[in-house]
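Contents: one structure, followed by commentary.
The values are calculated or read from the model by the stated rules, or taken from the named source; none is laboratory data. Because the structure is a prediction, the values reported are computed rather than measured. In this analysis, Cβ positions are derived from the backbone assuming ideal geometry, glycine residues included, and neighbour counts consider all displayed protein chains. Side chains included, ligands, DNA and RNA excluded: accessible areas come from the protein's heavy atoms. Shrake-Rupley method; radii C 1.70, N 1.55, O 1.52, S 1.80 Å.
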Amino acid sequence: MPDSQQSYADHARTDPAFHRFLVPVAALTIIVAIVNAFRHPGFNLAWLVLVSIAAGIALFKMRLYALKVQDRVIRLEERLRLHQCLSEPLRSQVSDLTVGQLIALRFASDAELPSLAGRALNEKLSKDELKKAVTSWRPDTFRV
C-alpha cells in the first residue's frame, strides 16, 4: 500500500503470508488429519488431529496477540496526540473515549481531530462511523 494515499475504502490491510499461506495450510492440515483419522482409526492419527487443531488455535492466538499489542500502542499514541491537539474542555475527557474510538481517530488529520473527538464523545460514534466521518485521511501504513 503506498505511503501517500489511503482512504476508508482501502485502509484495511492483509498479511499475505498469514492470510494466503498459513491460514489455508493450517485449515488443510486439520481437514487432512481428520479425514485420515476416520479412514484409519488409531491413537496416532487421533493425536495428529488434536495437535493440528492446537496448532491452528495457536496460529490464530498469536495473530490476535499481535493485533492487541498494536491496538494498545495505537491507544497510547492517540491519547498523547489528543492531549497535544485538544483544548481543555475536551482534553480532560480523552479517557472517556473507547479503544475503538481511539483506533479510528488515528486516521483523522490534526485539523479535524478536535471536532471528531468531540463528536465521538457526544454522539458515542462507533469506530466505523468515525472512520467514515474523516475527511482529511491520515494514512496508517504500519498496521498489519
Computed P(r) (all Cα pairs; the chain; 5 Å bins; percent): 2, 9, 15, 16, 13, 10, 8, 7, 7, 6, 4, 3, 1, 0
Share of carbon and sulfur in the accessible heavy-atom surface of the chain [1.4 Å probe, %]: 63
Helix 23-39 axis, angle to the chain major axis (alpha carbon atoms, nearest 10°): 30
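Using unit Cβ charges (K, R positive; D, E negative) and no other charged atoms, how large, in debye to the nearest 20, is the dipole of the chain about its Cα centre? Spell out each step's value before the answer.
On the way: 19 positive and 14 negative charges, 88 e Å.
About 420 debye.
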Furthest towards positive pole of dipole, ASN122, PHE107, VAL32, structure part segment 18-143, Cβ charges: VAL32
Spin-label model distance (nm) - ALA54 vs ALA12, 7 Å beyond Cα toward Cβ: 3.4
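What number, rounded to the nearest 500 deg cm²/dmol, is the helix-based mean residue ellipticity at 222 nm of the chain, given -39500 (n - 2.57) per DSSP H run of at least four residues and division by all its residues? Before the final figure, lay out the partial values.
Working: 6 runs with 89 residues, N = 144.
The helix-only estimate for the chain comes to -20000 deg cm²/dmol at 222 nm.
Would you mind working out the accessible area per residue for segment 77-144, using a 1.4 Å probe, and quoting it in Å²?
Working: 3610 Å² over 68 residues.
Value for segment 77-144: 53 Å² per residue.
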